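What follows is a single structure, written as structure tokens, with notes after it.
The values are calculated or read from the model by the stated rules, or taken from the named source; none is laboratory data. Given the structure is predicted, the values throughout are model-derived calculations rather than measurements. Reconstructed Cβ throughout: ideal geometry from the backbone, glycine too, with neighbour counts over all protein chains shown.
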Amino acid sequence: MCSRRASTGLGIALAFSGWSACATPHLAPSPEPALAPRPAPPGGEQQRERRRERPAVGLRLVVHPDDAALQVNDRAYGPVSTALGPRGLLALEPGVYRIVLTRPGFQTWRAEVAVDSQLEPIHVTLNAVE
């Protein structure tokens, strides 16, 4: 096989009936297509800056068992384990919310929770029904 490689890193090896040949194509670099810059949407940079400055706001829950169903203001979010984001956060605007956690065989947990810029976790352990 070929032991030399072209400066482009492309080598072509040919093998026919016991003989071999190497070819290294001389390729001129292809010109890069010129891309016109996209015009920025009006206020786009300002919106990005505001998003960077704004801290994450929402509800941080730590629930056991974590497959309890979550409801916020009568809206079902499904199991806590899948309803919360990667940091255990359910993004909500600041305000007061009715939180309900249910799971068959466990007592229902209800609370009114105020959401503001503080992300203090709420720890809930559902008690089994006897």
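Computed values, structure above
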| item | result |
| --- | --- |
| Failed item, numbered, when Gly105 is tested on (1) modelled with pLDDT of 90 or more; (2) surrounded by 10 or more Cβ atoms within 10 Å (Cβ to Cβ) | (2) |
| Residues that are under 26 Å from the mean Cα position of the chain (by Cα) and closer than 18 Å to Ala69 by Cβ, drawn from region 114-130 | Ile122, His123, Val124 |
| Residues located in region 71-82, provided they are among the aliphatic types (A, V, I, L, M) and over 13 Å from Ile99 (Cα atoms) | none |
| Search result, residues across region 66-86 that are loosely packed, with under 10 Cβ neighbours inside 10 Å and modelled with pLDDT under 90 | Pro86 |
| Count - residues of region 108-125 that are within 16 Å of Val80 (Cα to Cα) and not β-branched (Val, Ile, Thr) | 5 |
| Output for region 39-65, where each listed residue is outside any strand (DSSP E or B) and at pLDDT 90 or above | Pro65 |
| Single residue of region 80-130 satisfying the filter (part of a loop (DSSP other than H, G, I, E, B) and among the aliphatic types (A, V, I, L, M)) that is farthest from Val62 (Cα to Cα) | Val129 |
| Every pair of residues 6+ apart whose Cβ atoms lie under 7 Å, when the first sits in region 75-90 and is more than 19 Å from Ala114 (Cβ to Cβ) while the second is surrounded by 13 or more Cβ atoms within 10 Å (Cβ to Cβ) and among the aromatic types (Phe, Trp, Tyr) | Ala83/Tyr77 |
